[in-house]
Structures are given as C-alpha cells and as structure tokens.
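Accompanying notes for the structure given below.
The values are calculated or read from the model by the stated rules, or taken from the named source; none is laboratory data. These figures come from a predicted structure and were not determined experimentally. In this analysis, Cβ positions are derived from the backbone assuming ideal geometry, glycine residues included, and neighbour counts consider all displayed protein chains. When the accessible area is computed, the model is the full protein with side chains, heavy atoms only, and any ligands, DNA or RNA have been set aside. Shrake-Rupley method; radii C 1.70, N 1.55, O 1.52, S 1.80 Å.
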Protein chains: 2
Amino acid sequence: MDIEDKKTYLDKWFEYLQSQICKQFEKIEKDSKSSKKFISNDWYKDNQAGGGTYKILSNGKIFDKVGVNKSTVSGIFSKKFRKKIPGAEKNGKYWASGISVVAHMKNPKIPAMHFNTRFIVTSKSWFGGGIDLTPSHKDKKEEKYFHSKLKIVCKENRKNYNKYKAWCDRYFFLPHRNEKRGIGGIFFDYENKNWEKNFKFVRDVGMTFIKVSENIIKRKINLKYNDNDKEMQLLKRGRYVEFNLLYDRGTKFGLNSGGNTKAILMSLPPKAKW
Amino acid sequence: MDIEDKKTYLDKWFEYLQSQICKQFEKIEKDSKSSKKFISNDWYKDNQAGGGTYKILSNGKIFDKVGVNKSTVSGIFSKKFRKKIPGAEKNGKYWASGISVVAHMKNPKIPAMHFNTRFIVTSKSWFGGGIDLTPSHKDKKEEKYFHSKLKIVCKENRKNYNKYKAWCDRYFFLPHRNEKRGIGGIFFDYENKNWEKNFKFVRDVGMTFIKVSENIIKRKINLKYNDNDKEMQLLKRGRYVEFNLLYDRGTKFGLNSGGNTKAILMSLPPKAKW
C-alpha cells in the first residue's frame, strides 16, 4: 500500500476511534443519570499543515475531566529536533496522526487512565502508543485484571508484552521523586516491521482501551469514598502534573512544534495539590 | 577580599535574611490571631557538598503556603551543563548560595509573591536575583506601589531599573500561552563588576522584599472575596505550576544537579486548577 493511502487510513481510524470512545464515556455518564456530553473544539495549524479536534467532558458524575484528542499534522522539524527523530535527519519533513485520552475520575477509587496511539511518517514510518493507569489507591485485583487484558492483546498480535510492559515502567517514572507515576501498562514505539499487522495491533489496542476502561469504571462506580481518599487523589494528581510538564515527550513535542496548547495540556487534571 | 571570605559572608547573610523573613511572616500570622509557625527542614548533599534549610508555613490565616528556602552547595557540573554556566567551561567546579521565597496567599486579592537572591562562584563569581508578583486580580494602585519601590532600591544602588524590569518581563513569560506569569518586578543576573556594591544591593533587595511584602499584605488583609475570586486564583496557580515545571531555570538547575526535590518544588502551590 502507498504511504498516502496509509496516512488516510490512520487519520480515519483515529477519527472513528475518537467518536467511539466519546460515545462510550457519554454512555457511562448517562447510565449514572448524568446528561454531561463532550464539548468539541477544532484547531488548525498555519499553512494548511493540518490540525485536530479535542473533545472534553468536564464535571461529570463519573469523570472529573476527560479529554479525547485527535490530531493530524505535518510540517518541517527544526534543525535541533531533527536529530532526535528517526528518518528526519535530512530534510526534517514529518507527518503525524494520533489519538490520546486522559481521564481524571471523580471517584478517587477509580484510577486515572491514559491511552495513546499514533502513526508517524518521516523518510521512515512507524507506530507508537500505549495504555497505563494511575491509581491513588492500591487495588491488586484491578491491577491483575488490567495487565492480563494487555497481555492478551499483545499475545493475539504476536507482540512482546514483557518488553512493552518494561518500557512503560521505565517511561512513566519520576526520577526526582524516585517514584513510578502509576501501575504501568504497555508502551511501544518505532514499530515499523509489518504495516498491516501493526495497524491491526493499534486498532486492537484502541478497542481494548474502550473495553478495559468500561470494566474498571463500572466495577467501582458505586464505591464510597471520604475526604482523605479525595486528598490522596489530589496529591497523586500533583505528581501527574509534574510528570507531564517535566518529562512527557508528547507534551514537549507538542509545545515545541506549534501544536495547540489547550489540546496538549488537556491532560492536566482539573485540580491538583502539593 | 578573598573569595572564601565572600562565600562566608553570603552564606551568613542568606541565613540571617531567611530568619528575618520567617519572623516577619509569623508576625503577620500572629497579628491575624493565628499561631501558625514555620516548620524547618534540613537537607544535605552527599560528600560534604553542602545542603540547605527549607522552612514552610502551611494553612495559615494569611498564607496558604509559604516556603523560605536557603541553601549553600558545591560540586562539579556535568559536562553537558558546563557550557551553559559562565566560568565553568574548564573543570565544572561551582559553589552556590542563595535564598528563595514563594508565598501563595489564602486571600485571592493578595498576589502570590516570589523573591530570590543568590551568589554563584565558578572560575568567575556573580550575583543574581529578583522580586516579582503574580496577582490573579488587577490592582493598578498596588502595581504602581510595587514597581516604585523596586525603582527606588535600584536607583539608590545605581542599578539599571529599566533593564532589570524588562529582564523580569522577558523571563516570567509563558510562550505556549502567550501570557505573562504576573505583573513582573525586577530580575538580574551575572552581576560581577563591584563585589562590595553588589553585595549591598543584594542585601537591600532582601530588606525591600520584607518591607514591600508586609505593606502589600497588610493593605488587603481584610478584603472580602467570593468563590469566583478563589477560582480565578486557583486557575492562575495552574499557570504558575506550568511556568515553574516547564521553564524555570532554578527548578531545572535544582533537579538536574542533585538538589533536594522537596526544597526545589516548595514553590508549587498547595492547590491549583486547570
């Protein structure tokens, strides 16, 4: 398949997945007798270099704030940035499409959720992405369930689950606190061997996120919590902010490449404490 | 004067100033019938390379959270860092002493305050520092008063107020939001011409901070505020967090040079919103 066709497929897939995730999350709100809906915002890069749509649902009964961000952009990397991106060394040209989701929950017993998949094209092309959870409360059963589902989607696609799990642990780590951000999950990047199989894997990871997030939320939706639980969640969110602003590659990439600030920082929680 | 004597003078001065600032702020709490005091924490770098003392007063009647941090450290900069620091190119050796204060107020009508002065020694040596305010409410009278006092301390010390003011505006700026962090103040660095005069200026800036902060706080201590005012303050604090974690040189310097994380991140507000 031609690279232009691949781009079109990915752009359409991320758009479709965004609509499915939003539908699913609105249904979860509705089941809790909330009429909260996503509010959609479009943005455009200069010079017909693409743009994106970020959808945010705030102040729901289940979601304190959830953002579902899809963007498809192109351009030329700055000379400084080129060295860091495979295949961009020569002329800096890139095309990128992706979806990212960050969900901060009202109930502190339900973990914060993060999901992202992307397809990048320079003179090379590859897939990346991942899913991970950031609970403020220990829940061994949930942890086991979550990792087992990720193991299955990797196995079905003949992907190295252990490698992706270790990568995730390494990535979501706060060195200045010597702390993990959360309980990990999977993280993969530079997947470029077999486009068809990788595209299927990326689609499966997206559908896994929808299913797993629904199950984790529904299992805990009625759990009681107290002020102390909420306090622990807000302090954990402080760490989340530290990670995203100090270390996250996507945040740095976005802010350094003329992305939309509101879309990029949609990952920040509605409220955090230190 | 010998450089070792200069180091001793500065270390003692910053220690004295820290005690004076804490005394002043505890008095402001006491005048409001609060018995809140600073809690003091010492930390040490490995290998007898110094350390510091950070003092925090939390949950007062006036101060939501105020940190007063003094540290005196030495060491060898990493090869990567050396290029960025004057006089450190050859062997990377440094000695640094300084004080920094960040005050987040309960009453959103009172601006957040930031003050810092420092003396750095490599094969060169110089002073740096500044004072700036971050209000969440416009107050032209306060702004005028604040800048006029900084102008006076600069003038009395034959320092270029306009240069320092412009430097401050340039530094406390969030490019990704195209927003200033606050209303500015003064910011200076690499002051190395006349040690005696610079030391006096740095002492005067410290005493100016004590005087000006007291006046700004006392003028507004009884002002009423509503939920909307508080909300505006919490959103402004979100910007403050963004600046400190994305751009602040002191934060980056600290986290990259084995400083104490709690002391460095003492600048973060107790609570913030996005």
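Things worth noting here:
- In this assembly, the B-A interface accounts for approximately 1700 Å² of buried accessible surface in total, computed with a 1.4 Å probe and without ligands, DNA or RNA.
- Cβ-derived FRET efficiency at R0 41 Å, residue B:197 paired with residue B:91, nearest 0.05: 0.90
- Part-to-part distance (alpha-carbon centres) for the stretch B:158-225 and the stretch A:140-185, which is given in Å: 46 Å
- Per residue, the convex hull around the alpha carbon atoms of the protein assembly as shown comes to 171 Å³.
- Percent carbon-and-sulfur accessible area, the stretch A:3-267, ignoring ligands, DNA and RNA, probe 1.4 Å: 50 percent
- Per the rotation superposing chains A and B, the chain A residue found at the smallest beta carbon distance from the axis is A:245, 2, distance in Å.
- Computed on the stretch A:1-132, the Cα convex hull volume stands at 122 Å³ per residue.
- Listed residues A:6, B:218 arranged by accessible area, highest first, probe 1.4 Å: B:218, A:6
- The residues A:29, A:196, sorted by heavy-atom accessible surface at 1.4 Å with ligands and nucleic acids left out, run A:196, A:29 from largest to smallest.
- Relative to the other identical copies, residue A:235 shows label-point distances of 2.9 nm, where the label point lies 7 Å from Cα along the Cβ direction and values run shortest first.
- Residues in the stretch A:244-274 that, when all protein chains are in place, have 30 Å² or more less accessible area than the chain alone would give (probe 1.4 Å): A:245, A:246, A:255, A:261, A:265, A:268, A:270, A:271, A:272, A:273, A:274
- Annotation: amide H of residue B:185 within the under-5 Å range of B:169, sequence separation 5 or more or interchain, hydrogens built in the peptide plane.
- The stretch B:133-174 residues near the modelled residue B:225 label - backbone nitrogen below 18 Å, point 7 Å along Cα→Cβ: B:133-143
- The stretch B:1-67 shape via C-alpha gyration tensor axes, a/c threshold 1.5: oblate
- Using the Cβ-Cβ distance between residue B:218 and residue A:204 with R0 set to 60 Å, the FRET efficiency works out to roughly 0.45.
- From the C-alpha gyration tensor of the stretch B:3-267, square roots of 5λ in Å: 29, 20, 19
- Separation in nanometres of the label points that stand 7 Å from Cα toward Cβ, at residue B:9 and residue A:156: 7.3 nm
- Relative contact order of chain B, pairs being alpha-carbon contacts under 8 Å that are 6 or more residues apart, as %: 15 percent
- Spatial extent of the stretch A:94-200: Rg and Dmax, with the Cα atoms as the point set, Å: 14.8, 45
- Helix runs (DSSP H) in chain A reaching 27 Å along axis by Cα, Kyte-Doolittle at least -0.5: A:195-220
- Projecting 7 Å from Cα along the Cα-to-Cβ direction, the label point of residue A:145 sits 5.7 nm from its equivalents in the other copies, listed shortest first.
- Residue A:179 paired with residue B:47, simple spin-label distance in nm, labels 7 Å along Cα-to-beta-carbon: 2.8 nm
- Once both labels are positioned 7 Å from their Cα atoms along Cα-to-Cβ, the gap between residue B:19 and residue A:144 label points is 5.8 nm.
- Placing a label point 7 Å from the Cα of residue A:214 along the Cα-to-Cβ direction, the distances to the matching points in the other copies come to 6.5 nm, shortest first.
- Size of charge dipole - the stretch A:3-267 - debye, nearest 20, with Cβ of Lys, Arg +1 and Asp, Glu -1, no other charges: 480 debye
- Separation of alpha-carbon centers, the stretch B:12-68 and the stretch B:226-270, rounded to whole Å: 17 Å
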